[in-house]
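The values are calculated or read from the model by the stated rules, or taken from the named source; none is laboratory data. Because the structure is predicted, anything quoted here is derived from the model rather than measured. Here the Cβ is made from the backbone with ideal geometry for all residues, glycine too, and neighbour counts use every protein chain on show. Just the protein is used for accessible areas: all its heavy atoms, side chains included, with ligands, DNA and RNA removed. Shrake-Rupley method; radii C 1.70, N 1.55, O 1.52, S 1.80 Å.
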Amino acid sequence: MFEEIASDDNFALAALTDEIASRYGDLVGYRSEVSLSELTPENATATDAGGYAREFESLSDGTRDSFLLAARLALAEWAFPQPPILVLDEPFIHLDRLRTEAALGLIDRFRVRSGAQVVFLTMDERVADDCVSHFSDSVRISLT
């Protein structure tokens with residue numbers, strides 16, 4: 001019985017890894033191989049733009065943030081059969097403009113597929129403006 005559970009877990013982890021790799025590739029702009037032995041960043045590797053496998057800790061801040069966003073979206077879609085509410089706190093802090101645009105597109109596709117509501121928390125006016133302009137049904141609330 002435990003072997004069956006372990007094989008189901010391995011199958012689920014493999015499927016989730018493929019979903020993360022697909023979303024991560026959308027963000028970074030190239031097909032990246034992702035490897036996860038467990039659901040922790042310490043057990044993750046991803047190929048960089050040069051095709052070299054890198055451990056999570058050796059990726060740049062922006063690349064790590066891209067990887068984590070891809071993983072969070074894949075996990076949220078996989079874990080919640082009902083439309084979730086996804087709260088993202090400063091999700092683009094280390095991303096350049098190109099990756100921010102890619103991330104907004106990825107989040108939009110996630111939102112459409114899952115029916116999720118997405119809440120962005122940010123102090124960055126540029127990010128707030130980008131979110132409002134990208135999502136036609138968005139509402140901006142300032143607490144200042």
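Observations on the structure shown:
- Interchain or long-range residues, amide H under 5 Å from Leu86's placed H: Gln117, Val118, Val119
- Extension gain, Glu42 back to Ala76 (0.36 nm per residue minus Cα-Cα distance, nm): 10.2 nm
- Environment charge at Glu77 (Cβ cut-off 11 Å; Lys +1, Arg +1, Asp -1, Glu -1): +4
- For the chain: accessible area per residue (Å², 1.4 Å): 62
- The trypsin sites (Lys or Arg not before Pro) of region 19-85 that meet both conditions, a loop assignment by DSSP and at most 13 other Cβ atoms within 10 Å of the site Cβ, are Arg31.
- Whole-Hz ³J(HN,Hα) from phi, Karplus 6.51 cos²θ - 1.76 cosθ + 1.60, for region 135-141, glycine and proline x: 9, 5, 9, 7, 10, 9, 10
- Here the accessible area of region 17-77 is 44 percent carbon and sulfur, with a 1.4 angstrom probe and all protein chains present.
- Relative contact order, percent, region 39-144 [alpha-carbon distance under 8 Å, six or more residues apart]: 22
- Residues whose placed amide H lies under 5 Å from that of Arg54, excluding near-sequence neighbours: Ala46, Thr47, Asp48
- DSSP-defined antiparallel bridges as percent of all bridges, the chain, nearest 5: 55
- The GluC sites (Glu not before Pro) of region 18-111 that meet both conditions, a loop assignment by DSSP and at most 16 other Cβ atoms within 10 Å of the site Cβ, are Glu33, Glu38.
- Convex hull volume per residue, computed on the Cα atoms of the chain, equals 122 Å³.
- Vicinal HN-Hα couplings computed from phi for region 100-115 (Karplus, 6.51 cos²θ - 1.76 cosθ + 1.60; Hz; Gly/Pro x): 5, 4, 5, 5, 4, x, 5, 5, 5, 5, 4, 4, 5, 5, 9, x
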